[in-house]
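Accompanying notes for the structure given below.
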Amino acid sequence: MQNKVLIVDFGSQYTQLIARRIRELFIYCEISPFNNIPENLDQFKAVVLSGSPFSVNQKDSPDINLEIFLGKKPVIAICYGAQLIAKSLNGNIENSNSREYGRAKLSFIDRDCILFKNININNQVWMSHGDHVTDLPEGFKIIAKSANSPIAAFFDPKKKIYGLQFHPESILTPQGFQIIKNWVNH
């Protein structure tokens with residue numbers, strides 16, 4: 001296994017930003033479309049699942065076999081990716097009453113979670129979604145909340161899976177680079 005990260009792209013407008021943030025940490029990463037994932041996953045130390053303009057509840061929304069890396073590789077899933085994991089593992093995803101687009105503050109963070117090491121409470125984050133996770137799959141716990149997202153981030157410690165409703169790759173999440181750094185380096 002190399003020091004390389006795979007980014008699975010579901011059509012997100014932010015995928016290149018995710019790659020840039022990881023490369024700023026001097027870690028090589030590759031972007032693969034969700035429908036063309038490399039056969040040899042042993043070459044990657046971790047996986048990022050991107051956002052998407054789709055809803056996971058939409059017919060014909062992008063989908064992959066998550067079993068190929070969940071529990072086998074550390075995963076961080078952003079927005080759509082997080083919702084896809086939650087839905088695939090029997091969590092619940094619902095359409096929001098109104099699309100959440102813009103700045104939000106994290107009103108709660110799990111200080112014991114490595115992802116939030118050196119992250120401040122009331123940290124500004126960038127939200128961009130029309131759906132949200134309403135019930136987590138078994139084994140997951142809430143690690144961050146905002147006023148409009150009671151499940152702004154979640155984590156399964158056994159499988160090393162993080163799901164973020166917000167976009168740490170955006171400069172509008174000022175401490176987002178630190179969050180990505182915490183994930184990549186643990």
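Points worth noting:
- Out of 12, 98, sole residue that is touching a Gly at 6+ places or on another chain (Cβ under 6 Å) and modelled with pLDDT under 95: 12
- Residue 25 more than 18 Å from residue 156 (Cα to Cα), open to solvent by 20 Å² or more (accessible area, probe 1.4 Å) and in contact (Cβ under 8 Å) with a residue 12 or more places away in the chain: yes
- The one condition in (1) within 22 Å of residue 183 (Cα to Cα); (2) among the aliphatic types (A, V, I, L, M); (3) open to solvent by 40 Å² or more (accessible area, probe 1.4 Å); (4) more than 14 Å from the chain's Cα centre (by Cα) that residue 142 fails to fulfil: (4)
Results for (1) of a type in the set (Lys, Arg); (2) modelled with pLDDT of 95 or more; (3) open to solvent by 30 Å² or more (accessible area, probe 1.4 Å), shown as yes or no for each residue.
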| residue | (1), (2), (3) |
| --- | --- |
| 90 | no, yes, yes |
| 121 | no, no, yes |
| 137 | no, yes, no |
| 170 | no, no, no |
| 179 | no, yes, no |
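- Checked against (1) over 17 Å from residue 184 (Cα atoms); (2) in contact (Cβ under 8 Å) with a residue 24 or more places away in the chain; (3) open to solvent by less than 20 Å² (accessible area, probe 1.4 Å); (4) in contact with a helix residue (DSSP H, G or I) (Cβ under 7 Å, 6 or more places away or on another chain), residue 52 meets all criteria but (3).
- Taking the numbered list (1) surrounded by fewer than 17 Cβ atoms within 10 Å (Cβ to Cβ); (2) in a helix (DSSP H, G or I) in turn, residue 108 passes all entries but (2).
- Pairs where the first residue, in segment 163-186, is among the hydroxyl-bearing types (Ser, Thr, Tyr) and the second is part of a loop (DSSP other than H, G, I, E, B), C-beta under 7 Å, 6+ apart: 170/14; 173/167
- Any chance residue 94 is in a strand (DSSP E or B), surrounded by fewer than 23 Cβ atoms within 10 Å (Cβ to Cβ) and acidic (Asp, Glu): yes
- Residues in segment 112-144 that are β-branched (Val, Ile, Thr) and without any contact (Cβ under 8 Å) to a residue 24 or more places away in the chain: 121 alone.
The values are calculated or read from the model by the stated rules, or taken from the named source; none is laboratory data. Keep in mind the model is a prediction, meaning the values are calculated, not measured. When we count neighbours, we look across all protein chains shown, and the Cβ atoms used for this are built from the backbone with ideal geometry, even at glycine. Areas reflect the complete protein model, heavy atoms only, side chains present, ligands, DNA and RNA absent. Shrake-Rupley method; radii C 1.70, N 1.55, O 1.52, S 1.80 Å.
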